[in-house]
Amino acid sequence: MGYESSIEDHGRKLSRRNALKMAGGAGITGLAGCSGGSSSSGSSDSESSEDSGTSDEPLTVGALYALSGSTEVIGRPMMNSTELAIQQINDAGGINGREIELVKADTASAPQTGIEKSRQLINRDGCSIVFGAYTSAMRNAITDIYVENEVPLFYPTLYEGGVCREIEGAEGFSGEINIPEESLEWVFFNGAVPKQQIQPYIPWLMEEYDISSFYLIGSDYVWPHTTNAVVDDFVQENGGSIVAEDYVPLGFTDWGSKLSDIQSSGADAVYFTTVGTSMVEMLNQAGSVGLIDEMVWAGNIMSEQEAIAAGDAADGVLTSAPYFTSLDGEANDEYISSYEEAYGTDTTPNFVAEASYFGPHLMANALTEHAPSASSGAEVKAALENPISMDAPQGTVSMDPATHHATLQSRVGEFDAESGAFEVLTEFGQIEPYGITVAEGCLDV
Amino acid sequence: MISTLATTIPLQLADRVLISLTSISGLILVASGLTIIFGLMGVLNLAHGALMMVGAYTAYAVQSAGFSPWLSIVIAPLVVGLVGVAMEVTLIRRLYDRPLDTLLATWGVAIVLQEAVTIAFGTSQKSVAPPMEGSISLLGVTYPIHWAFIIVVAVVVMAITIGLFAYTDIGIMALAVIQDREMAAAVGINTRVSDRTTFAFGSALAGLSGAIMAPLLSVNSTMGISWLADSFLVVIVGGIGTFTGTIAGGVLLGGLDNLFRTVISGYTSIAQAAVLLVALVIIRYRPQGLVPTTGGGE
């Protein structure tokens, strides 16, 4: 979701420009080391690599998440979920009997480290695909390495979209949207883009809660700006108005006078795109001044983690997401129960962790069906570029080959502080990723 | 897009004043420990934010063990005071005449404390309950009791601290040691005990501030970093080494922050930058801060 685009990790400011410079340099050595595809890399543990790819040779898969640093709190459940999925696939016989080998790497929440670890995963460990990255800053820094080495990157985070969008704007959308200059030929996305969460959500909110005016409050970086542009569009389209579009710096703590602004604005509802600890502090303080009960609070970024951290203050707050841990259904029961069995309850899965979980399953299904003996990155990518669907914990999901984005479920949950989970209020079903920030068929696959 | 200048009706004004007082009190409370450790003792303590964070975690631990939030406010300064003693004995004591090394050493302590709480409590954010829930009516405004309590605690803590250093033997001896260690030793003061007590007291205040502020914040291992920067700013702008200076610094910076954010609502980043600009101008023209020390050693 690109949050904390300028991550401050123990005072080290990470500059995107430096990160990109490093990525450029990495590409050169990367190409040299990977000319023969994954199975012939110089890794010490690659046995019989000259055996011209028999289907018994395991498929090596990388997992690149933050196990330390500022985003560790979300990186851990993501890593656990990917590991759990690979284990389940292997237990069920792998890809037509072929085992998957998982190599884990820690980004330390720092793009430079992410670049370094990406190179290691590809060149040293010979990974044919890597699952990972959380913030947009991280994805942005490492994408080049995957493009140059021709290895797919499976990115599980909700994000602003835009990397697959024609400059002209899609389907009459009038807002301005930042377009990251990234090649996404080798990136697959299975987190939600703003449209998937917002298109049905805004009209539903306005109807259900009789809302005609919104106060938009967000953290000041690309994802909230893009999301608010989309929210603004749908609010206007449905005859509502935006009272204020207001941004606070990342890590903003002292909410008192901002809450007074919100209260005196006369808006019916607050739409928040504040992230991380700043969101939790906003809810805590809004709760103590009684503002949560006074207005409707809705957003599309709060997951179980932040809601539980805010506790009673988050009670009754609404959020739109593809997934909640409280969902009924066999696939989710299996996910949650096997997760808790393997990793306990110290970490909480949420919608990003769920995407890290069904991503590997989606890949295994694609390979089993289309290329059981795939070993190079290009072969894995080709297999993923088939229309594939599966029953994920959130429900049916499918990969759209022409955009590399996933068609996902969309639903609204209301947080219940007592149970520490979301109660699903309404289901919108499957929503396609394209339109608005992702242009239909933009990859021309 | 942006809400216009806030139309301040009287009730609104009272509300804004109270909110500003709470945010000023929070700043002063968190900075008070640093006034002692950095302002008086001259120790560049980059672990100050981490000590506050440990205070918040202590409050969380006490509450999650089922004890009253009131107890958490008592235990937090004790625990963090002990952490301060440990820091003083192992590191700070050897570095009183090496300020730059202190910078590195205390930053190292901050990192160790952050990792320690992560190991002990995990990575997820924690929430802490205030000792008193609910609201009271103040100046016609319905105001959360805890937010008012923060103002009271800041006033009480500053009064006690000022009294301690101005009127008690321990406080006066501590000042003597800080101003001239050799001379104080010569007149029979145990400088080592005095240094340790002073450092522990400063740490305990940091711990107390963490426990008091925690209900408003998200408790996590890096929560102290932004408070560290704010505390140094308050102490330096206010005047290094004086408690009235810290109060002045807190009132000025916290007050301006809220004022600017109200007047140019919708441009929070610009409002916060403007506060820093004012701080820069003050330091440029009054390098000793708003309330300079009188009759100090230098």
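Ranked by the mean number of other Cβ atoms within 10 Å of their residues, highest first, the peptides A:266-273, B:149-156, B:172-179 fall in the order A:266-273, B:172-179, B:149-156.
Working from the pairwise distances between different alpha carbons, so that the mean of 1/r is found and then inverted, what is the stretch A:283-396's Kirkwood radius in Å?
Working: mean 1/r = 0.0604 Å⁻¹.
Result for the stretch A:283-396, one decimal place: 16.5 Å.
In terms of distances greater than 26 angstrom between alpha carbons, the cross-link table entries A:LYS117/A:LYS195; A:LYS117/A:LYS381; A:LYS258/B:LYS126 yield A:LYS117/A:LYS195.
Size estimate for the stretch B:119-190 follows the Kirkwood approach: the inverse of mean 1/r over distinct Cα pairs works out to 16.3 Å.
With the convex hull drawn over the C-alpha atoms of the protein assembly as shown, the volume per residue is 161 Å³.
Give the order of A:TYR201, A:TYR209, A:TYR339 when sorted by the count of other beta carbons within 10 angstrom, beginning with the fewest.
Numbers: A:TYR201 26, A:TYR209 13, A:TYR339 23.
Ranked by crowding around the Cβ, least crowded first: A:TYR209, A:TYR339, A:TYR201.
Compared with the dominant Cα axis of chain B, that is its longest principal axis, helix B:169-179 is turned about 80°. Note on the protein assembly as shown: antiparallel DSSP beta bridges, both residues inside, total approximately 45 percent of the bridges counted. Were the residues from B:ILE111 through B:LEU139 laid out at 0.36 nm apart, the gain over their Cα-Cα distance would be 5.7 nm. Using the alpha carbons alone, the radius of gyration of the stretch A:228-284 stands to its Kirkwood radius in an Rg to Rh ratio of 0.98. In chain B, the longest principal axis of the Cα atoms and the axis of helix B:10-34 are about 20 degrees apart.
Just to confirm the number: angle between the C-alpha axis of helix B:48-64 and the first principal axis of chain B, 0 to 90 degrees, nearest 10? The angle comes out near 70 degrees.
Here the extension length gained between B:ASP101 and B:TYR285 equals 63.3 nm, from 0.36 nm per residue of separation less the Cα-Cα distance.
Taking label positions 7 Å along the Cα-Cβ direction at both B:ILE119 and A:GLU237, the computed distance is 5.3 nm, reported to one decimal. Rounded to the nearest 0.05, the FRET efficiency derived from the C-beta distance between A:ASP328 and B:VAL156 at R0 = 51 Å is 0.45.
Only helices enter the 222 nm calculation for chain B: every DSSP H run of n ≥ 4 contributes -39,500 (n - 2.57), and dividing by all residues gives -23500 deg cm²/dmol, rounded to 500.
With a 10 Å cut-off around each Cβ of A:310-317, the average count of Cβ atoms from other chains is 2.
Averaging over every viewing direction, what projected area does the convex hull of the Cα atoms of chain B cover, in nm²? If you can, show how the numbers build up before the last one.
Values: hull surface 67.7 nm².
Reported value for the Cα convex hull: 16.9 nm².
Computed from the coordinates by the stated procedures, all read-outs in this text should not be read as laboratory data. Computed from a predicted structure; not experimentally measured. In this analysis, Cβ positions are derived from the backbone assuming ideal geometry, glycine residues included, and neighbour counts consider all displayed protein chains.
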